[in-house]
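Read the structure below first, then the notes.
The values are calculated or read from the model by the stated rules, or taken from the named source; none is laboratory data. Note that the structure is predicted; figures quoted are calculated from it, not measured. For neighbour counting, all protein chains shown are included, and Cβ atoms are generated from backbone atoms with ideal geometry for every residue, glycine included. Heavy atoms of the whole protein, side chains included, go into the accessibility calculation; ligands, DNA and RNA do not. Shrake-Rupley method; radii C 1.70, N 1.55, O 1.52, S 1.80 Å.
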Amino acid sequence: MTKRFTLTRDFRQHAGHLACVLLSCCLAALAFAAPALADVRNTDQIAQTPIAESGLSTALCPSIEANYALLIDDTGKVYFERDAHAGVKIASITKVMTAIVAMEYDPTLSMTVTVTEDAAAIGESSASLIEGDTMDLKNALTAMMVASGNDAAEAVATAVGADILREEGHPGASDEACVKRFVQAMNEKAAELGLEDSVFENPHGLDDEEFEGDHHCTAYDVATMVQRAMQNDTFRSIVGSETANVKVKRDGSTETIELQSTDELLSTFEGTVGVKTGYTNAAGGCFAGANDYEGREYYAIVLDSTDEYERFLDTQQLWNWCYSYVQDYRLANAPESVETTIGETQGVFPVMARVSHLDWIDRSVAATIENPEQTVRVFALDGNISQEAEYDELHGSIHAGDHVGRLVFKQRNQEIASVDLVAAEDVDAPDLFTAIGIWWERLWGNDATAPNEILNTTPLLIDKSQTVSSGN
């Protein structure tokens with residue numbers, strides 16, 4: 001399945017300006033022969049191996065502009081990383097941690113959040129809240145995550161921080177003290193989650209003027225907190241929404257604020273299910289995205305891309321690149337086959353191996369697997385597949401379907417699948433007179449048996465100098 005990125009409505013509205021910019025860029029390129037910003041770096045890692053050491057050609061590697069990136073799936077498998085352990089600014093991706101702390105403090109999401117003077121005046125991205133607005137925590141989190149409202153983030157931190165302080169015997173604390181206590185809770189949660197190089201100094205991610213400081217995170221740490229947040233169904237619902245209506249109490253009546261998600265990939269890239277954008281001049285374009293592809297969730301973390309638009313191009317480049325090398329690899333690729341009955345299934349089965357029958361000198365048992373169509377999901381750039389066999393010691397009469405061994409498949413020396421080998425034919429034990437003859441031969445030194453051998457093959461996944469094969 002091919003996934004494609006398309007321009008959004010807001011971007012199309014400025015198509016005329018874009019055309020001028022593109023024309024200027026083209027003229028500049030002709031005049032100065034400036035190189036493209038997107039690149040492949042020798043220090044980039046694919047499947048946790050630096051490209052310079054992997055033997056992969058650059059044509060097989062993703063070309064992105066972000067200075068820090070990570071692509072990982074919901075099993076923890078790492079596909080791509082670029083300086084993913086560097087501590088850098090993450091802008092509004094910070095709000096994922098704000099949401100985690102708030103949701104885990106009040107799982108009902110029912111506590112009241114009041115917009116303070118500081119929250120209403122904080123500036124930058126806004127959910128259009130005004131001082132005195134009140135709402136439940138769920139609505140406040142929606143305003144914070146969908147519209148990336150700094151006002152909502154500050155309001156959430158103030159409300160939750162105040163409640164924490166009350167529980168600790170400090171009622172009536174100032175708004176500043178409440179936010180400070182909430183940020184402390186963010187760092188406590190970071191330590192609990194094992195985020196080893198993350199420091200949070202505010203609940204929204206602003207990083208200039210009064211908010212300038214040591215606020216930072218790594219791509220790996222972002223991936224960890226995003227996966228934690230996505231375990232909450234309410235959070236998933238919020239960040240997976242292109243639009244949202246937030247209800248607030250304002251001047252004695254209920255007002256509805258209509259919000260548009262800052263995550264443009266929700267509407268332009270198939271399978272996107274969240275989660276959070278970010279941008280400041282210091283942090284650059286940032287995005288932590290989750291995408292569902294064929295039943296597995298893939299998390300792309302892009303930090304310090306060139307701008308708010310390029311962060312989405314980088315993300316879709318990582319996803320499309322990864323999915324082009326994810327494939328279902330057929331385990332049975334044997335050159336021989338036999339018609340037999342295994343269990344209640346009659347048909348033609350591949351002869352995966354021949355297993356020595358130890359009661360005979362020159363007999364082996366054809367072995368197959370019960371499901372010849374079995375596949376395993378692999379990432380081709382992890383390397384080609386190898387196989388090893390474990391053989392049972394066979395004595396007496398063997399019947400089709402009897403267990404005779406095990407075939408183990410590995411990629412990068414890690415087991416990715418194993419299948420039981422079963423007999424594909426009946427082989428009787430030697431009768432009395434034949435057994436005596438075999439005993440006599442062995443008495444005189446002829447103790448050989450038929451060799452064990454694997455007949456199944458493991459087709460190559462990848463030509464490192466070119467492109468991936470079809471896989472099956």
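Cβ-Cβ distances below 8 Å connect the following pairs, each with a first residue in the range 89-100 that is farther than 17 Å from Thr158 by Cα, a second residue that is acidic (Asp, Glu) and part of a loop (DSSP other than H, G, I, E, B), and a separation of six or more residues or different chains: Lys89/Asp207; Ala91/Asp207.
Quick one: which helices (runs of 4 or more DSSP H) sit completely within the range 100-218 and have at least 1 residues that are within 20 Å of Ala229 (Cβ to Cβ) and polar (S, T, N, Q)?
On the way: elements: 117-120, 137-146, 150-167, 175-192.
Because the criterion is at least 1 residues that are within 20 Å of Ala229 (Cβ to Cβ) and polar (S, T, N, Q), the helices (runs of 4 or more DSSP H) in the range 100-218 that meet it are 137-146, 150-167, 175-192.
Checked against (1) open to solvent by less than 50 Å² (accessible area, probe 1.4 Å); (2) assigned to a strand (DSSP E or B), Trp319 passes all but condition (2).
Do the conditions hold for Thr434, that is, is it under 28 Å from Thr75 (Cα atoms) and either open to solvent by 30 Å² or more (accessible area, probe 1.4 Å) or basic (Lys, Arg) (or both)? Here the answer is no, as Thr434 does not meet what is asked. For the range 216-223, state whether one or more residues are free of Cβ contacts under 8 Å to residues at least 60 places away in the same chain, within 30 Å of Gly271 (Cα to Cα) and open to solvent by less than 50 Å² (accessible area, probe 1.4 Å). Yes, that holds for at least one residue.
The residue list Thr262, Thr256, Thr277 contains one member that is out of contact with any His (no Cβ under 9 Å at 6 or more places or on another chain), open to solvent by 20 Å² or more (accessible area, probe 1.4 Å) and part of a strand (DSSP E or B), which is Thr256.
Taking the stated definitions as given, is Ile369 in contact (Cβ under 8 Å) with a residue 24 or more places away in the chain and touching a strand residue (DSSP E or B) at 6+ places or on another chain (Cβ under 6 Å)?
yes
For the range 165-184, the set of residues classified as farther than 24 Å from Ser126 by Cβ and either touching a residue at least 40 places away in the same chain (Cβ under 8 Å) or open to solvent by 70 Å² or more (accessible area, probe 1.4 Å) (or both) consists of Arg166, Glu167, Glu168, His170, Pro171, Gly172, Gln184, listed by residue number. Quickly run through the range 192-231 and pick out the residues that are of a type in the set (Val, Ile, Thr) and over 13 Å from Ile301 (Cβ atoms). Answer for the range 192-231, where residues must be of a type in the set (Val, Ile, Thr) and over 13 Å from Ile301 (Cβ atoms): just Val199. Scanning the range 61-119 for residues that are among the charged types (D, E, K, R), open to solvent by less than 10 Å² (accessible area, probe 1.4 Å) and within 21 Å of Asn281 (Cα to Cα) turns up Arg82, Lys95.
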